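Working notes, structure below.
The values are calculated or read from the model by the stated rules, or taken from the named source; none is laboratory data. As the structure is a prediction and not an experimental result, all values here were calculated from the model. With ideal geometry, Cβ positions are generated from the backbone for all residues, glycine too; neighbour counts draw on all protein chains shown.
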Amino acid sequence: MKIALIGYGKMGKEIEKIAIDRGHTINLIIDKDDEKKLNHENLKGIDVAMEFTIPDSAVANIKKCFESNVPIVCGTTGWTNELDQLIELCKKNKKTFFYSSNYSLGVNIFFKVNSFLSSIMNNYPAYEPHLEETHHTQKLDAPSGTAITLANGLIANLDRKTNWVKETAEKESDLIIKSFREGVVPGNHKVIYDSAFDKLQIEHDLKNRQGLALGAVLAAEFLAGKIGYYTMNDLLNFK
């Protein structure tokens, strides 16, 4: 595949290494200082674009790829209040779009475990849930997109929780997400159920960005010949 990298930070460079190792070529690199290069002319011949930038840029970048009819894999978080609109635009205009808040295969298995566990814990109101996430100090959004995905999976199954909040709950129906920014931590997420008698906890600890980059490249390969909106559930064949 001929790949356009939109965003050439740490993730972009990891994706570049893995994509080349898997036999693909990087034909276009858009860094933060040359956004004007993301145009129809430069996107000609590109098989897939991979977007890992910042929240303020993601939506415009995705729309530019739609306009040039280039399939896009996006992993930028912190902007998903506009995700539904982009999904609708993708489907209406028969574009190709893959989005995940986290491309780690392990994290996506963790999402499924979280949903299953929360469906069980719905029957045990003595356990009060909350989430904790820790990332490196350069991460711009808080809570992380992964934490929000976990929270939404929990809320979908727990009748006693209706929405997530940052740090402090005002109502019993609020699900707290606590965010920590420390050193160079790639990513740690915990879902905790606490009672007066014991504590139940599931955790995912990311060791490095290589697993994220591999998942993103696998997503790009998965899009070949497809039209529509896809997620890691499609890639991993989760029901």
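Computed values, structure above
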| read-out | value |
| --- | --- |
| Unmet requirement for TYR229, which otherwise passes all of (1) surrounded by fewer than 20 Cβ atoms within 10 Å (Cβ to Cβ); (2) touching a helix residue (DSSP H, G or I) at 6+ places or on another chain (Cβ under 9 Å); (3) not assigned by TED's automatic domain parsing to the domain that holds CYS74 | (3) |
| Selected residue (criterion: surrounded by the most Cβ atoms within 10 Å (Cβ to Cβ)) from residues of the range 172-187 that are out of contact with any helix residue (DSSP H, G or I) (no Cβ under 9 Å at 6 or more places or on another chain) and at pLDDT below 95 | VAL185 |
| Number of positions in the range 17-44 that are at positive phi and at pLDDT below 95 | 0 |
| Any hit, the range 119-142, residues being modelled with pLDDT of 95 or more, under 20 Å from the mean Cα position of the chain (by Cα), within 20 Å of SER195 (Cβ to Cβ) and of a type in the set (D, E, K, R) | yes |
| Qualifying residue in the range 87-99 (condition: among the aliphatic types (A, V, I, L, M), closer than 23 Å to ALA213 by Cβ, in contact with a strand residue (DSSP E or B) (Cβ under 8 Å, 6 or more places away or on another chain) and outside the structural domain of PRO186 (by TED's automatic domain parsing)) | no |
| Extreme residue, modelled with the lowest pLDDT, among residues of the range 70-93 that are touching a Gly at 6+ places or on another chain (Cβ under 8 Å) and surrounded by fewer than 24 Cβ atoms within 10 Å (Cβ to Cβ) | GLY78 |
| Filter result (in contact with a helix residue (DSSP H, G or I) (Cβ under 7 Å, 6 or more places away or on another chain) and either among the polar types (S, T, N, Q) or crowded, with 20+ Cβ neighbours inside 10 Å (or both)) within the range 19-35 | ALA19, ILE30 |
| Qualifying residues in the range 201-239 (those that are of a type in the set (S, T, N, Q) and at pLDDT 95 or above) - the one farthest from LYS17 (Cα to Cα) | GLN201 |
| Helices (runs of 4 or more DSSP H) lying entirely in the range 145-239 (those with 1 or more residues that are more than 26 Å from THR134 (Cβ to Cβ)) | 210-222, 232-235 |
| Which numbered condition PRO129 misses (of (1) surrounded by 19 or more Cβ atoms within 10 Å (Cβ to Cβ); (2) touching a residue at least 60 places away in the same chain (Cβ under 8 Å); (3) out of contact with any helix residue (DSSP H, G or I) (no Cβ under 7 Å at 6 or more places or on another chain); (4) part of a strand (DSSP E or B)) | (3) |
| Matching residues, the range 164-190, being closer than 27 Å to GLY211 by Cα and among the hydrophobic types (A, V, I, L, M, F, W, C) | ILE177, PHE180, VAL184, VAL185 |
| From ALA156, ALA169, ALA224, ALA220, residue being surrounded by 18 or more Cβ atoms within 10 Å (Cβ to Cβ) and among the aliphatic types (A, V, I, L, M) | ALA220 |
